[in-house]
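The values are calculated or read from the model by the stated rules, or taken from the named source; none is laboratory data. Source: prediction; values computed, not measured. Every residue, glycine among them, receives a Cβ derived from its backbone with ideal geometry; neighbour counts consider all protein chains shown.
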Amino acid sequence: MQVINQEAEVFLKKYLDNYAPTGFEMPGQQLWLEYLKPFIDTYEVDAYGSVYGVINPESDYRVVIEAHADEISWYVNYISKDGFIKVIRNGGSDVVIAPSKRVHIHTKKGLVRGVFGWPAIHVRQGDDAKLSPSLENIFIDVGADSAKEVEEMGIHVGSVVTFDDEMEVINNRYYCGRALDNRIGGFCIAQVARLIKEHQIKLPFGLYIVNAVQEEVGLRGAEMITQRIKPHVAIITDVSHNTNTPLMKTDKLGDVKGGAGPDLSIAPAVHNNLLQLIINTAIEKEIPYQLSASSRVTGTDTDAFAYSNGGVPSALISLPLKYMHTTVEMAHKSDVENVIRLIFESLQHIEYQQDFRYFK
């Protein structure tokens, strides 16, 4: 089974290089939907931009596979009289990586290029040598001399700022770029839909392939879409930390390694019976997997699905990721393939109106 074909690779790069900041996901969602359309029967878009395609929409038993579409970014918060721009976070943006990064500022006149400036090392001496990036001191330079010039470019308070970085493949082994968290998940569930279509799999339920918005600011898109679909089962895919890199403590953060397979979460929101079905599938199909634990919440859309509609049996299949919330996020190609395989195979073990309750 060819899990990722050449057309899928082309789509992946186009999708990851596109911009879809939280609250402004539409360009990415349109790309994703156009790719998905040949593999689904119908689709819907909700008021805030979450998109889902449906296979077997006539079924009254609904199974969801889900990812989130948004990426971290910045908002313009203040423009100084001499044309420098101050920002605030939109999602979990990391101030440490900002200095010296190129950015796009999104305006109605188009994209405006800029950079996060930073004082040269030569002038950071004495107490200034201890200077480190913070929300109070990072700034964007668009080459303007005044606030008026900045505003004439179309930039205003509330304009969204994204980093300018493209996807590449490192050592023919790792996908690397910005926004793998979690557009790589959207890519995975789209491939599941493709495989179902190509292999003519007849599912005994309605399958809802969901790409939700606004996860990075509190799972908001998933909260809304759960009420719209009212699923009976949900399998969520997101990213987790590949902890086998320098400065990561495996005894504290868990031992999850790139190339060792999908990361399956054990957490209060994860339904044990559904998780066991996925583990049994992995064993049967010889798909490698890893386990991790979350003490209270998963911090993913799993929490929104699990606690909706009186309780929805939910599970989380994560892709180990290096350097999360940076512009060089890295995911092992074999892990991407195995996330797709595991979701695809697990769906074929879910029966029509399967009851996951502990006591029947």
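Within segment 132-168, how many residues are within 27 Å of ALA20 (Cβ to Cβ) and either touching a helix residue (DSSP H, G or I) at 6+ places or on another chain (Cβ under 8 Å) or β-branched (Val, Ile, Thr) (or both)? So the count comes out to 15. Annotation: TYR307 fulfils all but one of (1) more than 14 Å from the chain's Cα centre (by Cα); (2) within 16 Å of ASN242 (Cα to Cα); (3) not basic (Lys, Arg); the unmet one is (2). Scanning segment 154-184 for residues that are of a type outside the set (S, T, N, Q) and part of a loop (DSSP other than H, G, I, E, B) gives GLY154, ILE155, HIS156, VAL157, GLY158, ASP164, ASP165, GLU166, MET167, ARG173, ARG178, ALA179.
To keep it simple, each residue is scored yes or no on (1) in the same structural domain as SER334 (by TED's automatic domain parsing); (2) charged (D, E, K, R); (3) within 18 Å of the chain's Cα centre (by Cα); (4) within 26 Å of ILE278 (Cα to Cα).
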residue	(1), (2), (3), (4)
VAL157	no, no, no, no
ASN172	no, no, no, no
GLY206	yes, no, no, yes
GLN214	yes, no, yes, no
GLN227	yes, no, no, yes
ILE235	yes, no, yes, yes
SER240	yes, no, yes, yes
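Criterion first (assigned to a strand (DSSP E or B), more than 17 Å from HIS325 (Cβ to Cβ) and touching a residue at least 12 places away in the same chain (Cβ under 8 Å)) does VAL87 satisfy it? No, not satisfied.
Looking across segment 238-266 at every residue that is at negative phi and aliphatic (A, V, I, L, M), the one that is surrounded by the most Cβ atoms within 10 Å (Cβ to Cβ) is identified as VAL239. Filter segment 98-114 down to residues that are surrounded by 16 or more Cβ atoms within 10 Å (Cβ to Cβ) and either more than 21 Å from PHE24 (Cβ to Cβ) or among the charged types (D, E, K, R) (or both), then give me how many there are. Counting residues in segment 98-114 that are surrounded by 16 or more Cβ atoms within 10 Å (Cβ to Cβ) and either more than 21 Å from PHE24 (Cβ to Cβ) or among the charged types (D, E, K, R) (or both) gives 2. Determine whether GLY259 is over 16 Å from TYR15 (Cβ atoms), of a type outside the set (Val, Ile, Thr) and touching a helix residue (DSSP H, G or I) at 6+ places or on another chain (Cβ under 7 Å). Yes, satisfied.
Regarding VAL95, is this residue in contact (Cβ under 8 Å) with a residue 12 or more places away in the chain and assigned by TED's automatic domain parsing to the domain that holds ASN18? Answer is no for this residue.
When residues in segment 13-31 are screened for being in a helix (DSSP H, G or I), more than 13 Å from the chain's Cα centre (by Cα) and in contact (Cβ under 8 Å) with a residue 40 or more places away in the chain, 2 of them pass. Scanning segment 211-236 for residues that are farther than 16 Å from PRO313 by Cα and either surrounded by 24 or more Cβ atoms within 10 Å (Cβ to Cβ) or small (Gly, Ala, Ser) (or both) yields ASN211, ALA212, VAL213, GLU215, GLU216, GLY218, GLY221. Residues that are modelled with pLDDT of 95 or more, among the polar types (S, T, N, Q) and at negative phi do occur in segment 187-200.
Counting the residues of segment 125-157 that are without any contact (Cβ under 8 Å) to a residue 60 or more places away in the chain and of a type in the set (Ser, Thr, Tyr) gives 2. In the set (1) modelled with pLDDT under 95; (2) surrounded by fewer than 12 Cβ atoms within 10 Å (Cβ to Cβ); (3) of a type outside the set (Val, Ile, Thr), ASN182 fails one condition alone, (2).
Could you go through segment 159-169 and let me know if any residue there is assigned by TED's automatic domain parsing to the domain that holds LYS13, hydrophobic (A, V, I, L, M, F, W, C) and surrounded by fewer than 19 Cβ atoms within 10 Å (Cβ to Cβ). No; the residues of segment 159-169 include none that is assigned by TED's automatic domain parsing to the domain that holds LYS13, hydrophobic (A, V, I, L, M, F, W, C) and surrounded by fewer than 19 Cβ atoms within 10 Å (Cβ to Cβ). Take the residues in segment 315-360 that are among the small types (Gly, Ala, Ser) and in a strand (DSSP E or B); name whichever of them is nearest to the chain's Cα centre (by Cα). Of everything passing the filter in segment 315-360, SER318 is nearest to the chain's Cα centre (by Cα).
Counting only residues that are more than 14 Å from ALA67 (Cα to Cα) and either polar (S, T, N, Q) or surrounded by 24 or more Cβ atoms within 10 Å (Cβ to Cβ) (or both), segment 318-328 holds 4 of them. Taken over segment 32-75, the residue count meeting the criterion of being part of a helix (DSSP H, G or I), of a type in the set (D, E, K, R) and crowded, with 24+ Cβ neighbours inside 10 Å is 0.
All of ALA315, ALA269, ALA304, ALA331 fail the test of being surrounded by 21 or more Cβ atoms within 10 Å (Cβ to Cβ) and free of Cβ contacts under 8 Å to residues at least 60 places away in the same chain, apart from ALA269.
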